[in-house]
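Asker: Once you've had a glance at the structure underneath, I'll fire off some questions.
Read-outs: derived from the displayed coordinates by stated rules, not from any lab. Keep in mind that this is a model prediction, so the values were computed, not measured. Counting neighbours? That spans all protein chains shown, and the Cβs are built from the backbone with ideal geometry, glycine included.
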Amino acid sequence: MFIVIEGIDGCGKTTQARFIYEWLIEQGRDVFLTAEPSKNRIGLFIREILSGSERVNPETLALLFTADRSEHLTREVKPALNEGKIVVMERYVNSTIAYQTAQGIRKEWIVKLNEFAIKPDLTIFIDLKPEIAVERIEIQSREMFENREFQEKVYKEYLNLKDMVRIDGNGSKKDIFNNIKDKIMELNLL
């Protein structure tokens with residue numbers, strides 16, 4: 001099983017991915033927790049760009065995210081799935097679509113680039129308004145996309161994507177997790 005957690009910066013993706021991982025471990029499941037950008041060399045370079053220490057144009061960034069995804073799938077995700085593990089991933093194709101279309105890239109081009117990507121069994125969108133999410137982000141850790149104006153564009157792009165289960169991100173961390181857990185159980189994914 002392949003579960004992806006999506007949403008704008010500050011919505012709680014990392015926390016919820018960790019909660020899902022821990023819950024599945026408690027259920028006796030073999031789980032692989034991961035995120036994009038990955039920890040491979042391409043992913044690390046992307047993190048440098050996001051921190052502002054490197055600059056590239058939006059098309060190049062979309063290509064880098066896609067290259068990172070290809071390596072990540074080949075080296076980590078597909079082997080984990082083939083071993084029967086449940087993969088829980090923070091960010092995936094929909095992040096590239098939402099963020100790069102918010103930068104002015106054509107959605108169709110990004111979708112075409114990512115045709116190789118395997119489809120998740122469940123993609124969860126943690127729906128939190130940008131004005132609330134941006135307040136949660138520590139000012140010292142801000143990356144290039146972590147400002148309200150840009151996050152509002154990204155949020156609108158996410159709302160245009162149809163292949164996700166929407167979870168209200170306004171409750172407590174525990175409430176959000178319980179809603180996610182209920183959705184996983186409701187869909188009989190375990």
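Asker: Take Leu63, Leu73, Leu187 and order them by how many other Cβ atoms sit within 10 Å, fewest up front. The partial results should precede the final answer.
Answerer: On the way: Leu63 16, Leu73 19, Leu187 11.
Exposure proxy ranking, most exposed first: Leu187, Leu63, Leu73.
Asker: Grab the Cα-Cα distance for Thr74 and Leu189, subtract it from 0.36 nm times how many residues apart they are, and report the gain in nm with one decimal. Mind showing how you got there, number by number?
Answerer: Values: separation 115, 0.36 × 115 = 41.40 nm, distance 2.35 nm.
The Thr74-Leu189 span can extend by a further 39.1 nm.
Asker: Okay, helix-only estimate at 222 nm for the chain: each DSSP H run of n ≥ 4 adds -39500 (n - 2.57), divide by all residues, round to 500 deg cm²/dmol; what do you get? Walk me through the numbers on the way to the answer.
Answerer: Working: 9 runs with 95 residues, N = 190.
Taken over the chain, the calculation gives -15000 deg cm²/dmol.
Asker: At a 10 Å Cβ-Cβ cut-off, how would you order Met164, Met1, Met89, Met185, fewest neighbours first?
Answerer: Values: Met164 20, Met1 17, Met89 24, Met185 10.
Ascending number of Cβ neighbours within 10 Å: Met185, Met1, Met164, Met89.
Asker: For the pairs Lys119/Lys156; Lys153/Lys174; Lys13/Lys156; Lys39/Lys183; Lys112/Lys181; Lys13/Lys85, flag any whose C-alpha to C-alpha distance is greater than 25 Å. Write out the running numbers ahead of the final one.
Answerer: Numbers: Lys119/Lys156 22 Å; Lys153/Lys174 28 Å; Lys13/Lys156 18 Å; Lys39/Lys183 29 Å; Lys112/Lys181 32 Å; Lys13/Lys85 20 Å.
The pairs that break the limit, which is 25 Å between Cα atoms, are Lys153/Lys174; Lys39/Lys183; Lys112/Lys181.
Asker: Which ordering of Phe19, Phe45 is given by a fewest-first count of other beta-carbon atoms within 10 Å? If you can, show how the numbers build up before the last one.
Answerer: On the way: Phe19 20, Phe45 16.
Lowest to highest Cβ neighbour count: Phe45, Phe19.
Asker: Relative contact order for region 2-186 using alpha-carbon pairs under 8 Å, separation at least 6, rounded to a whole percent?
Answerer: 34 percent
Asker: Order 102-112, 31-41 from most to least packed using the mean count of other Cβ atoms within 10 Å.
Answerer: Details: 102-112: 14.3, 31-41: 17.5.
Descending mean neighbour count gives 31-41, 102-112.
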